[in-house]
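The values are calculated or read from the model by the stated rules, or taken from the named source; none is laboratory data. Bear in mind that the values here come from a model prediction, so they are computed numbers and not experimental data. Because the Cβ atoms are built from the backbone with ideal geometry, glycine has one as well, and the counts that use them run over all protein chains shown.
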Amino acid sequence: MSPDPARRIVELIELLDRYSREYYEQDAPSVSDGVYDQLFRELQALEAQSPESSRSDSPTQRVGGKPVAGFLPVSHSVPMLSLDNAFSDEELLDFDRRARERLGSVEMAPIEYMCEPKLDGIAVAIRYERGVLVQAATRGDGQTGEDITHNVRTVKSIPLRLHSAETIETLEVRGEIFMPKRGFARLNELAESSGEKIFANPRNAAAGSLRQLDPSITAKRPLAFYCYGVGVTEGVTLPETQFGLLQWYKSLGLPVNVEVEAVSGIRACIDYYEQLSRRRSSLDFDIDGIVYKVNSLAEQSYLGFVSRAPRWAIARKFPAEEAVTRLIDVEFQVGRTGAITPVARLEPVSVGGVVVSNATLHNEDEIERLQIKIGDLVIVRRAGDVIPQVARALTQERQGELRSINFPTQCPVCGSPVLREEGEAVQRCSGALSCSAQRKGAIIHFVSRKAMDVEGFGEKLVDQLVEMGRLKDPGGVYSLTHSELAALPRMGSKSAQNLIDAIERSKQTTFPRFLYALGIREVGVTTADRLSKHFGDIDTLLAASTDDLLAVPDIGPIVAKHIRAFLATSANLKVVHNLLDAGLEWPEIVSSETQNAPLAGQTWVVTGKLEHLSREEASELLRSFGANVAGSVSKTTSVLLAGPGAGSKLKKAQALGVEVIDEEEFVARKSNWI
Ligand code: 9MJ
């Protein structure tokens, strides 16, 4: 499928050149930095393998962008360096080892490092003479940048005069101009409402803002600045460390990122990385990694630099959240409710630090929107914990045979017609429990932890029993026998007995668990709880009309429709009755409206680790006493039950003056409620 190396090199050079022009000249990138880096590294590797095919116009031979016409060139008498990258802890450890070897401190004390968030903005050099801002320039290629003084003067956090520094002859401050995320969002909202061009990301918005010929436009853009380095100086003695430099900058009125931290040794650098990467999304500025710098300025100058990067600093990049790979095939999965989800099978690729070989394509509309075909190169995105998605297809790079994706009209599992309800994007198999995929899904849901909680009843077992024809609906679980289970492959007599015991235990349940376990569409744990409180018992619920359902708090027409549809299907009613006949039972519901429940009208939140109960068990108990249990703390919270390890919820409760109790107090109070 992949072309030969020489052809791929030519292809990559052209592709990277186009992406680079989109990025630097048009401020309109069509791919993310991560994708660019990935292709760049692929090119580097191919050129190393086949040096005879490398070309002098390859982007790997170039160090930076060209100044654009309209701005005067500024030459950097102290070159503006860029940074080498480390993409793993190993590469970072190598960097530290090399630095210690050069400093002669392999066996000696660890190096002290400064850790700085790596801002994703525009590097600038701002020159102050006798304390007054006289010039500002971009990095350009590191030797020559562009004069953007007129625009930089409009950035409000950059002082036009340094605090009490008239005696400093010359100070060239270096740092990053960027657009905070909130400002970026507002700017794009405004642009959208007035039909103007929308920026792809905060970095491009910042670059576009600094490239204005008219500074009154720049002045309206929400730009900010943090400084982190120094260029030319005259008539001043610099502090001894990077940390000291930043402290001194602060005293001069220059903005310094509050997140910077001096640490001892490379292990502490890794800890800093892990902590900051967890908070990354809550920072108000985009970062693409962490910069580590040898703290001592004397050691920095001893270490020096190679070609364009210092030997005393390194950028530990976050794993790219996007990568390019090829779509090999599309399969259609059938879920518990019959929803048919197209799943992309991909050539495995590392995204966000995880190897991805499948990604969801959501539904037919999404396939249409992506205009994607099998065989296409695609961009896969995975941010944080979200399921990998196909962001788009590189349709311009198409070559060779491609196959179009046809959404099935019959269920790929049972052959029943696939239907799409009006106003819905989802297509569903119409086979209900006669479709083995829906049957498996329904039973897996039924035995799951928040439902009937049958311990040890896993997906593989459900698959096996459904395929043998032994489980036709959730009720079948209660007629399984020890000998039947023990005869299954890889199942001993003891495991079979454990399962039988767990099945038996699950018969003692609660009304909301039972309702949730039925797997009615749109009925999650909270809705099941509301329904059980409202109707109190199963017979009243079974007889409920749509209007009766609409009278339940927070139940709207869609949920009511799904409940009615479920109850109107005779196969479902048969399942419900079989379950009741199997001996499922639950304590009578203490309805908060009809009986004077001790916690009626109160809203509780449970957080932290409890010793004697799980959080869910505590919540269930609270609900049984009439309390409403919420997921987050607010002004209306009555009490927060907090175990050890409670974090932001505890802080918020304390800030709002909400009563906080521990488990011991909870247990003591509980005895009064019974
Ligand atoms: C960024 N981008 O935040 C440097 N940087 O230091 C920080 N960049 C840098 N330092 C030397 N914090 C060259 C570049």
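For SER105, the criteria (1) farther than 27 Å from GLU234 by Cα; (2) hydroxyl-bearing (Ser, Thr, Tyr); (3) within 16 Å of the ligand (Cβ to nearest atom) hold in every case but one, which is (3). Taking segment 471-498 as the range and being within 39 Å of the chain's Cα centre (by Cα) and within 29 Å of ILE520 (Cβ to Cβ) as the test, the residues that pass are LEU471, LYS472, ASP473, PRO474, GLY475, VAL477.
Residue-by-condition table, conditions (1) at pLDDT below 95; (2) small (Gly, Ala, Ser):
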| site | (1), (2) |
| --- | --- |
| LYS507 | no, no |
| LEU515 | no, no |
| GLY524 | yes, yes |
| LYS533 | yes, no |
| ASP537 | yes, no |
| THR540 | yes, no |
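Report, ordered by the first and then the second residue, all pairs with beta carbons closer than 7 Å, sequence separation of six or more or different chains, a first member in segment 74-89 that is more than 12 Å from the ligand (Cβ to nearest atom), and a second member that is modelled with pLDDT of 90 or more and of a type in the set (Phe, Trp, Tyr). Hits for this filter: ALA86/PHE95. Looking at segment 239-285, which of its residues are modelled with pLDDT of 95 or more and hydroxyl-bearing (Ser, Thr, Tyr)? Passing the criteria: THR241, TYR249, SER264, TYR272, TYR273. Considering the conditions (1) within 16 Å of the ligand (Cβ to nearest atom); (2) part of a loop (DSSP other than H, G, I, E, B), GLU401 is excluded by exactly one of them, (1). Here ALA298 meets each of (1) more than 18 Å from ALA86 (Cβ to Cβ); (2) among the aliphatic types (A, V, I, L, M); (3) crowded, with 17+ Cβ neighbours inside 10 Å with one exception, condition (3). The set of residues in segment 527-578 being of a type in the set (S, T, N, Q) and touching a residue at least 24 places away in the same chain (Cβ under 8 Å) consists of THR527, SER532, THR569, ASN572, ASN578. Of all residues in segment 114-133, those being in contact (Cβ under 8 Å) with a residue 60 or more places away in the chain, touching a Ser or Thr at 6+ places or on another chain (Cβ under 9 Å) and within 12 Å of the ligand (Cβ to nearest atom) number 4. When segment 266-287 is limited to residues that are crowded, with 19+ Cβ neighbours inside 10 Å and closer than 22 Å to ARG186 by Cβ, the one that is nearest to the ligand (Cβ to nearest atom) turns out to be ILE287.
If ALA359 meets every condition in (1) at positive phi; (2) surrounded by 13 or more Cβ atoms within 10 Å (Cβ to Cβ) apart from one, which number is that one? The single condition ALA359 does not satisfy is (1). Only a single item in (1) away from the ligand (no atom under 16 Å from the Cβ); (2) surrounded by 19 or more Cβ atoms within 10 Å (Cβ to Cβ); (3) within 21 Å of PHE285 (Cα to Cα) is not met by LEU162, and it is number (3). The residues of segment 199-237 that are within 23 Å of SER301 (Cα to Cα), of a type in the set (Gly, Ala, Ser) and more than 15 Å from the ligand (Cβ to nearest atom) amount to a single one, GLY235.
Surrounded by 21 or more Cβ atoms within 10 Å (Cβ to Cβ) and in contact with a strand residue (DSSP E or B) (Cβ under 6 Å, 6 or more places away or on another chain): does that describe GLY131? No; evaluated as a whole, the condition is false for this residue.
For segment 192-229, residues that are modelled with pLDDT of 90 or more, under 26 Å from the mean Cα position of the chain (by Cα) and assigned to a helix (DSSP H, G or I) total 6. For segment 593-674, the strands (runs of 3 or more DSSP E) that sit wholly inside it and include 1 or more residues that are exposed (fewer than 13 other Cβ atoms within 10 Å of the Cβ) are 659-661. Taking segment 168-191 as the search range and keeping residues that are assigned to a loop (DSSP other than H, G, I, E, B) and modelled with pLDDT under 95, which one is farthest from the ligand (Cβ to nearest atom)? Taking the candidates together, the pick is GLU169. Every condition in (1) within 36 Å of the chain's Cα centre (by Cα); (2) under 25 Å from VAL629 (Cα atoms); (3) surrounded by fewer than 16 Cβ atoms within 10 Å (Cβ to Cβ); (4) of a type in the set (Lys, Arg) holds for LYS460 except the one numbered (2). Of the residues making up segment 238-254, not a single one is over 21 Å from ILE111 (Cα atoms), of a type in the set (Ser, Thr, Tyr), within 14 Å of the ligand (Cβ to nearest atom) and within 34 Å of the chain's Cα centre (by Cα). Selection of segment 121-177 for residues being hydroxyl-bearing (Ser, Thr, Tyr) and under 12 Å from LEU210 (Cα atoms) yields THR138, THR149, THR154. In this structure, THR237 qualifies as closer than 27 Å to GLU166 by Cβ, of a type outside the set (Asp, Glu) and in the same structural domain as PRO202 (by TED's automatic domain parsing). Has segment 378-396 got any residue that is under 23 Å from the mean Cα position of the chain (by Cα), of a type in the set (Asp, Glu) and outside the structural domain of GLY289 (by TED's automatic domain parsing)? Yes, there is a match, as at least one residue in segment 378-396 is under 23 Å from the mean Cα position of the chain (by Cα), of a type in the set (Asp, Glu) and outside the structural domain of GLY289 (by TED's automatic domain parsing).
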